[in-house]
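Each reported figure results from applying straightforward, stated rules to the coordinates on display, with no laboratory input. Computed from a predicted model, the values in this text were never measured in an experiment. Cβ: placed from backbone, ideal geometry, glycine included. Neighbour counts: every protein chain shown.
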Amino acid sequence: MRRLQRGFSIITAIFLLVVLAFLGVAMVTFSTSQHQSSAMDVMGSRAYQAARAGVEWAAFQVVTGAGCPASTVLPVLGGTLQPFTVTVSCTATAVAGDTITSVYEVASTAKAGGNPGDAGYIERVISTKMGK
């Protein structure tokens, strides 16, 4: 009877090793995807802040009387916003009124990571209207 059971424990040990290896690979894959998702989330927030910087730049141009340029690519931003290219477009419309004489429509686009569809590509657009 003892001879028939020889080798049974090695089969069990190999089965357990295969199952544990599979679980280890699954955990590493899950962890990697979570890190990539978190990194893209951070880049999305940075893209939003870069686009917002473009809107604030346009507001400054309007308030100081420098005018509203039709389309401008901002110079390189500093810090964590450096990888982003920010394009600001602005159109002015004259309005007949007592307090508001012009309405400015501003769109700011921040892009990073190559072309749409590329891995790591991120883009945020902010549109707003301002009156002066």
- Burial ordering of 29, 109, fewest other beta-carbon atoms within 10 Å first: 29, 109
- Message: Distance between the C-alpha centers of the range 89-104 and the range 57-88? Whole Å please.
- Response: 20
- Query: Per the helix-only calculation at 222 nm, which mean residue ellipticity applies to the chain, given -39500 (n - 2.57) for every DSSP H run of n ≥ 4 and division by its residues, nearest 500 deg cm²/dmol?
  - Reply: -16000 deg cm²/dmol
- Could you please report the charge total around residue 104, scoring K, R as +1 and D, E as -1 over all other residues with beta-carbon less than 11 angstrom from its beta-carbon? +1
- Note on the structure: Cα-based Rg/(2.2 N^0.38 Å) for the range 15-132, rounded to two decimals, is 1.61
- Evaluate the charge dipole of the chain about its Cα centre and quote only its size in Debye, nearest 20, assuming +1 on the Cβ of each Lys and Arg and -1 on the Cβ of each Asp and Glu. 900
- Item | Phi-based couplings in Hz for the range 20-26 (Karplus 6.51, -1.76, 1.60; Gly and Pro marked x) | 5, 5, 4, 4, x, 5, 5
